[in-house]
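This report concerns only the one structure given below.
The values are calculated or read from the model by the stated rules, or taken from the named source; none is laboratory data. Note that the coordinates shown come from a computational prediction; the quantities given were computed from them, not determined experimentally. Positions of Cβ are generated from backbone atoms using ideal geometry, with glycine treated the same way; all protein chains shown enter the neighbour counts.
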Amino acid sequence: MTTESLIRILTLVSLGGLLFAVGLRLTLSQIVESLRRCRPAPLLLINFAGVPLLAAGLARLFALDSERSAAMILLAAAPFAPVVPVFARMAHADLALAAALTTVFPLLCVGGTPAACLIGFHLTDEHAAIRFNATATLLTLSAAIALPVGAGVLLRRISPAAGRRLLRPIEVAAEAAGALALVFVTATEARAVLATGWRPLLAMAILSEASLFLGRLCARGTEPSRRVLALGTSNRNIALAILLALDNFSGGAVLPGVVANGILLIALGLVHVAYWRFVRPGKDPPVVYETAPSLPGTAE
């Protein structure tokens, strides 16, 4: 088994497990409630058009080559990382909103991410050198996202009790697979990751901070809600970007670039979490929610 095959398997296990859990939890009322507490049209426009456009502009401004531009845009096209609810809890943000939006956005990525990639790639200086198959990506995301979610919804309908028993073990296994995939790809591509250079990382840092500001603009109501949208818009889905890099850019500097930029996003996210938790906790008292919405039939 090749290194790329192992990384692909771990990434698919991570995404599939987390999305299966999404299917076990997702209800129409959660979707409606999460969208009611933000401005959905600006939020979608910013995440699937604004951030990729900004990434393409920064890639041109910093004169990044085609591979480093592609790495940046792949992350820009994958909003709301699974780590957002964890960050939201640590930052005294609205955990219920974070959990709901983090379950909704993967479904939107099926069509939104390929479109966002096409927008971003087309506007880079090196777009002619970037080989991106939007049709294949759409099929990959349909299988990697829609099938696990559908399986989770089906199991919840057939046997809610079994869904409740499996939910947490599946989440733990998926999170472990995701962490292992990131550690493994970082270790195997360590030299290329370290060779990313300061210009791509500076461009990514600027993109992250600008995305955080834009996300806050989409919130309605309280500071905890603003923090959720800021964290979700600035923290992109590394596992999804890795999968797209493996499918479209085998070899070269794209995969290491995704990893280097992804690690930077996690670090910046932790900086903001620490600021909101310790320096500026805010006027609104922390709101305590369950770690995730309950399954139907779960006792409150």
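Mind checking which residues of the range 185-211 are surrounded by 14 or more Cβ atoms within 10 Å (Cβ to Cβ) and either in a loop (DSSP other than H, G, I, E, B) or without any contact (Cβ under 8 Å) to a residue 12 or more places away in the chain (or both)? Within the range 185-211, Glu189, Thr196, Gly197 meet the criteria. Evaluation of Leu107 against the conditions (1) farther than 21 Å from Asn248 by Cα; (2) at pLDDT below 90 shows that the sole unmet condition is (1).
Filter the range 93-125 for residues that are among the polar types (S, T, N, Q) and in a helix (DSSP H, G or I); which is farthest from Trp276 (Cα to Cα)?
The initial filter retains those residues of the range 93-125 that are among the polar types (S, T, N, Q), namely 102-103, 113, 124.
Next, only the ones that are in a helix (DSSP H, G or I) stay: 102-103, 113.
Values: Thr102: 20, Thr103: 24, Thr113: 30 Å.
Checking each candidate, the answer is Thr113.
Here is a check on your reading of the model: is Thr137 more than 16 Å from Phe249 (Cα to Cα), buried (at least 18 other Cβ atoms within 10 Å of the Cβ) and touching a residue at least 60 places away in the same chain (Cβ under 8 Å)?
When the stated conditions are applied, Thr137 does not pass them.
Would it be correct to say that Leu182 is under 13 Å from Asn235 (Cα atoms) and surrounded by 13 or more Cβ atoms within 10 Å (Cβ to Cβ)? No: the conditions fail for Leu182.
Determine which member of the set Leu214, Leu243 is crowded, with 24+ Cβ neighbours inside 10 Å and touching a residue at least 40 places away in the same chain (Cβ under 8 Å).
On inspection, the qualifying residue turns out to be Leu243.
Just the residues that are surrounded by 20 or more Cβ atoms within 10 Å (Cβ to Cβ) and not in a helix (DSSP H, G or I), please, taken from the range 247-284. Matches in the range 247-284: Phe249, Ala253. So, in the range 84-104, of the ones that are β-branched (Val, Ile, Thr) and at pLDDT below 85, which residue ends up farthest from Ala176 (Cα to Cα)? Ranking the qualifying residues of the range 84-104, first place goes to Val104.
In the set Arg68, Arg37, Arg60, only one residue is basic (Lys, Arg) and closer than 20 Å to Leu212 by Cβ; that residue is Arg37. Residue count for the range 145-159 under the criterion of being touching a Gly at 6+ places or on another chain (Cβ under 7 Å), surrounded by 15 or more Cβ atoms within 10 Å (Cβ to Cβ) and either not in a helix (DSSP H, G or I) or not charged (D, E, K, R) (or both): the result is 6. Set side by side, the residues Arg131, Arg156, Arg165 differ, and just one is without any contact (Cβ under 8 Å) to a residue 60 or more places away in the chain and among the charged types (D, E, K, R), which is Arg165. Val51 - would you say it is out of contact with any strand residue (DSSP E or B) (no Cβ under 8 Å at 6 or more places or on another chain) and surrounded by fewer than 24 Cβ atoms within 10 Å (Cβ to Cβ)? In short, no.
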